[in-house]
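The values are calculated or read from the model by the stated rules, or taken from the named source; none is laboratory data. The structure displayed is predicted, hence computed values, not measured ones. Quick reminder, even Gly has a Cβ in these numbers, built from the backbone with ideal geometry, and neighbours come from all protein chains shown. For accessibility, only protein heavy atoms count, side chains too; no ligands or nucleic acids. Shrake-Rupley method; radii C 1.70, N 1.55, O 1.52, S 1.80 Å.
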Amino acid sequence: MRMVIASAYSPDVGVGGKSLIHWGLMTGLYFAGTVVASLYLRTPQDITLFWPCAGIGYAFVLRYGARAAAVIPVGILLMHLLFVPVPPLFLPFSVGSNLFGALAAGAYVKRRHPQPLRLVSADGLLLLRGGLLLAIVSTTIGSAGLVVAGIVPFHEIGDAIPLWFLGDLLGATSTAPGLM
């Protein structure tokens, strides 16, 4: 019975039922996080103050590997399609900032600690450093997109950068450990 239960929640992508349900639930969780953050936690410049999806994507990449990051573009595109319309020029930056931030942080942590993380201070600090990297990568790509798409004028980008960085950092540090 244990093997049946364990295989039902296997992260392997397959054609049949349980694995598709697993990936569907992961995508749904990521999408729900985008909707909650986008609809309720925004500044007048349309930057979210808390982005829990940074931590959700980060935790998925740490737990299931880089292939789990496939839920990120789907969740971001659904959010922009259904709830938060943005200029088409901003879409690749929005997807890229979330995707590449999670992948960079996951790769950083996995390279320094290939075995499963434990509940010890050293592993917590490693997760924090990965969260800082996630926020730096995401902020760099996202703030460039804000300027390129004309959402934020270049002379105001200095206000947007810390908001984006802190929103991602808060999301990564508060959400990822709970999901792990």
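Key figures
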item: Residue match in region 97-115 (condition: small (G, A, S), assigned to a loop (DSSP other than H, G, I, E, B), out of contact with any His (no Cβ under 6 Å at 6 or more places or on another chain) and buried (at least 17 other Cβ atoms within 10 Å of the Cβ)); result: no
item: Cβ pairs under 7 Å, 6+ apart, first in region 96-110 and free of Cβ contacts under 8 Å to residues at least 40 places away in the same chain, second assigned to a helix (DSSP H, G or I) and open to solvent by less than 20 Å² (accessible area, probe 1.4 Å); result: A104/L134; Y108/G130
item: Output for region 131-148, where each listed residue is open to solvent by 30 Å² or more (accessible area, probe 1.4 Å) and of a type in the set (S, T, N, Q); result: T140
item: Which numbered condition G124 fails, given (1) more than 24 Å from G28 (Cα to Cα); (2) open to solvent by less than 50 Å² (accessible area, probe 1.4 Å); (3) part of a loop (DSSP other than H, G, I, E, B); result: (3)
item: Only listed residue being in contact (Cβ under 8 Å) with a residue 24 or more places away in the chain, open to solvent by less than 20 Å² (accessible area, probe 1.4 Å) and under 20 Å from Y40 (Cβ atoms), chosen from I76, I151, I72; result: I76
item: Of all residues making up region 78-93, the number that are of a type outside the set (F, W, Y) and closer than 16 Å to S138 by Cα; result: 2
item: Any hit, region 9-27, residues being open to solvent by 40 Å² or more (accessible area, probe 1.4 Å), modelled with pLDDT under 85 and touching a strand residue (DSSP E or B) at 6+ places or on another chain (Cβ under 8 Å); result: no
item: Filter pass, L179 being touching a Lys or Arg at 6+ places or on another chain (Cβ under 8 Å), closer than 26 Å to V36 by Cβ and not aromatic (F, W, Y); result: yes
item: Residue count, region 154-180 (criterion: part of a loop (DSSP other than H, G, I, E, B) and either modelled with pLDDT of 95 or more or open to solvent by less than 20 Å² (accessible area, probe 1.4 Å) (or both)); result: 0
